[in-house]
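For reference, the structure discussed in these notes is given below.
The values are calculated or read from the model by the stated rules, or taken from the named source; none is laboratory data. Please read all numbers here as calculations on a predicted model, not as lab measurements. All Cβ positions, even for glycine, are placed from backbone atoms using ideal geometry, and neighbour counts span all protein chains on display.
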Amino acid sequence: MRLPPLAIGPYTAPVPLVQGGMSIKVSTSSLAIAVAECGGIGTIGGSSIPEKELAADIRRAKEATKGIIAVNIMFAMKNFFSLVKTSIEAGVDMIITGAGFSRDIFKIGRETNTPIVSIVSSPAFARLAEKLGAAAIVVEAKEAGGHLGTDQPLRKLFPEIRKVVRKVPLIAAGGITNGYEMAEMMDRYGADGVQVATRFVLTEECDVDDTFKQTMLQARKEDVVLVTSPVGMPGRALRTPFVEKMLAGEEVGVRECRYKCLRKCDHHYCISDRLLKARDGDYENGLFFTGENVYKMNEILTVRQVFDQFVSQAESVYREPGVDYDRLSAHPAAMNTNETQP
């Protein structure tokens, strides 16, 4: 059965798939454009980006596609509201925000007719976001990459939030790697769409250094670990030399903060510096954020191939009675773009 579209505010994505906004400079316009052209929601990671550079990237995306372009900005950023204003003035379609919670962002959304999408990890914040005017809500569970707001798995957390959110679209995020899992979250759990991030790093259009992609491709299950972050939240990353030092308790910080990007920062290392190092391919010193299930991915695809895989797999089983989603999503063929069912 054909997947339903995803409507957020005045925008409708033909494919109910949101590309997660990954910072710093992991999700740029090149990736977001390709996703939007495929009918999903393409998202630029807007945290820790100079405002002029962010505005230029948004304009580049809007000029290149008639699809939907969003920007993801962490509330933890010191210049959060300035980044939001810059994004809206540059013509972005919607703002996605998490890593903290802002009440004032909804007022800005109303004043500028910009849909605000809240990333939450608890029923309480989901209920509050809907009450304050969120156009959609992303439920991000512990399987996600980067900063985490919960230790609850998606299939436990999502039903709890589904009970309290009824008026706006609810999007499932965290560890989704194929179309069968997409169909499962929409069919069995009632999601209106899914958000996927790590899978899109392993695409040709994602313009991180190839070392970043190869590090992900070579990752084993045991290489995915939790680390502390100056943001004040745990983060999910790959076990690399920098992470090994940090986990061993070695000094990995800096005496001076170069970026001064966070509202609150414990300075035990500079996260902006480490994320940029990873983005540029510095395996020894970079922090490589990743989703929990990265080890299941074994090839670099085009964005179009990822969409074809997700849609064909999902539509082959969506709304079919008695589907064994656990068997389908665990089967090796789920990772093969040339097959829709095992």
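Name the residue, out of 49, 44, that is of a type outside the set (Lys, Arg) and touching a helix residue (DSSP H, G or I) at 6+ places or on another chain (Cβ under 6 Å). Explain how you work it out, then say what you get.
Values: 49 fails: touching a helix residue (DSSP H, G or I) at 6+ places or on another chain (Cβ under 6 Å).
Going through 49, 44 in turn, the sole match is 44.
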Next item on the list: Please identify the pairs in which a residue from the range 244-272 that is in a loop (DSSP other than H, G, I, E, B) has its Cβ atom under 8 Å from the Cβ atom of a residue that is modelled with pLDDT under 70 and among the charged types (D, E, K, R), counting only partners at least 6 apart or on another chain.
Entry: 270/258
Check: Where residues in the range 182-228 are part of a helix (DSSP H, G or I) and more than 18 Å from residue 278 (Cβ to Cβ), which of them is nearest to the chain's Cα centre (by Cα)?
Finding: 182
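Yes or no, residue by residue, for (1) basic (Lys, Arg); (2) under 30 Å from residue 280 (Cβ atoms):
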residue: 130; (1), (2): no, no
residue: 133; (1), (2): no, no
residue: 155; (1), (2): yes, no
residue: 164; (1), (2): no, no
residue: 174; (1), (2): no, yes
residue: 178; (1), (2): no, yes
residue: 217; (1), (2): no, yes
residue: 220; (1), (2): yes, yes
Note to self: Let me spell it out: the conditions are (1) in contact (Cβ under 8 Å) with a residue 60 or more places away in the chain; (2) of a type in the set (Asp, Glu); (3) closer than 30 Å to residue 111 by Cα, and residue 130 meets all of them except one. Which number is the exception?
What the structure shows: (1)
Checklist line | Conditions (1) touching a His at 6+ places or on another chain (Cβ under 9 Å); (2) at pLDDT below 95; (3) surrounded by 17 or more Cβ atoms within 10 Å (Cβ to Cβ): number failed by residue 253 | finding: (3)
Check: Is it the case that the range 273-283 has a residue that's of a type outside the set (Gly, Ala, Ser), closer than 29 Å to residue 79 by Cα, assigned to a loop (DSSP other than H, G, I, E, B) and in contact with a Leu (Cβ under 9 Å, 6 or more places away or on another chain)?
Finding: yes
Checklist line | Candidate set: the range 132-180, residues that are on the phi > 0 side of the Ramachandran plot and part of a loop (DSSP other than H, G, I, E, B); chosen: the one surrounded by the fewest Cβ atoms within 10 Å (Cβ to Cβ) | finding: 133
Next item on the list: Go through the range 69-128 residue by residue and tally those that are part of a strand (DSSP E or B) and at pLDDT 95 or above.
Entry: 14
